[in-house]
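Novice: Mind looking over this structure? Questions follow.
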Amino acid sequence: MFAKWLEEYQKLAKETRFLSKVGTFLVSLFAFLSCWRLIEAISYNQGSINSLWNNIWISIICHLTVGIVFAIRFGSLFFNSKRSFWLAQTFWVISILALFGYFTITRLTLYGGFLRSESTISFGMHDYPKIFLYADYTFEVFACLYFIASLIRQIITAFVALNKTK
């Protein structure tokens, strides 16, 4: 029964793999772009970052970690063997944990709470109305959407596979 469910789950997951590829690619892309935007903000006004250096390093490391994990997951989604499927599922768990870690670190450590997401530091960049110092808004949106939608997709796939095996 369990082996049959795993087989059905794998088949259904492969059918919805395109959505995973798109979501994974977008999160990875926007993580790297957000990191680039942070580095760009640092280069505009290097004098005001002395007191924030530790927070900036934490943010850069978080963005790069999420970007690299999602890039590896994106690459693993292109292979169709049974072994690569489970590798992709393992990287799905790692990517969800990386996003959870990112949100925990940036929200609780850097911002002081989950409800404060904007930095009040301008870094001398007057062409942006609000500067998101530690995370670009686009990355935050896609990361939240991926986190929620990916969990929902996995749960629905598991339930549908369970119903098909009965």
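The values are calculated or read from the model by the stated rules, or taken from the named source; none is laboratory data. As the structure is a prediction and not an experimental result, all values here were calculated from the model. For neighbour counting, all protein chains shown are included, and Cβ atoms are generated from backbone atoms with ideal geometry for every residue, glycine included.
Novice: Go over the candidates Phe100, Phe85 one by one and state the one that is at pLDDT 80 or above, exposed (fewer than 12 other Cβ atoms within 10 Å of the Cβ) and not in a loop (DSSP other than H, G, I, E, B). So that I can check it myself, show each step before the final result.
Specialist: Numbers: Phe85 fails: exposed (fewer than 12 other Cβ atoms within 10 Å of the Cβ).
Within the list Phe100, Phe85, the selection yields Phe100.
Here is a yes/no grid of residues against (1) surrounded by 12 or more Cβ atoms within 10 Å (Cβ to Cβ); (2) at pLDDT 65 or above; (3) under 30 Å from Ser43 (Cα atoms):
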site	(1), (2), (3)
Arg116	no, no, yes
Gly124	yes, no, yes
Tyr128	no, no, yes
Ala143	yes, yes, yes
Arg153	yes, yes, no
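Novice: Moving to a separate point now. Among the numbered criteria (1) part of a helix (DSSP H, G or I); (2) at pLDDT 85 or above, which one does Phe78 miss?
Specialist: Unmet for Phe78, out of (1) part of a helix (DSSP H, G or I); (2) at pLDDT 85 or above: (1).
Novice: Kindly indicate whether Ala41 is modelled with pLDDT of 85 or more, part of a helix (DSSP H, G or I) and not acidic (Asp, Glu). Steps first, answer last, please.
Specialist: Details: modelled with pLDDT of 85 or more: no; part of a helix (DSSP H, G or I): yes; not acidic (Asp, Glu): yes.
No.
Novice: Thr106 versus (1) β-branched (Val, Ile, Thr); (2) modelled with pLDDT of 75 or more; (3) surrounded by 15 or more Cβ atoms within 10 Å (Cβ to Cβ): which is the lone unmet condition?
Specialist: Of everything listed in (1) β-branched (Val, Ile, Thr); (2) modelled with pLDDT of 75 or more; (3) surrounded by 15 or more Cβ atoms within 10 Å (Cβ to Cβ), Thr106 misses just condition (2).
Novice: Also, I was wondering about something else. Can you find a residue that is closer than 16 Å to Thr157 by Cβ and either surrounded by fewer than 13 Cβ atoms within 10 Å (Cβ to Cβ) or free of Cβ contacts under 8 Å to residues at least 24 places away in the same chain (or both) anywhere in the stretch 65-77?
Specialist: Among the residues of the stretch 65-77, not one is closer than 16 Å to Thr157 by Cβ and either surrounded by fewer than 13 Cβ atoms within 10 Å (Cβ to Cβ) or free of Cβ contacts under 8 Å to residues at least 24 places away in the same chain (or both), which makes the answer no.
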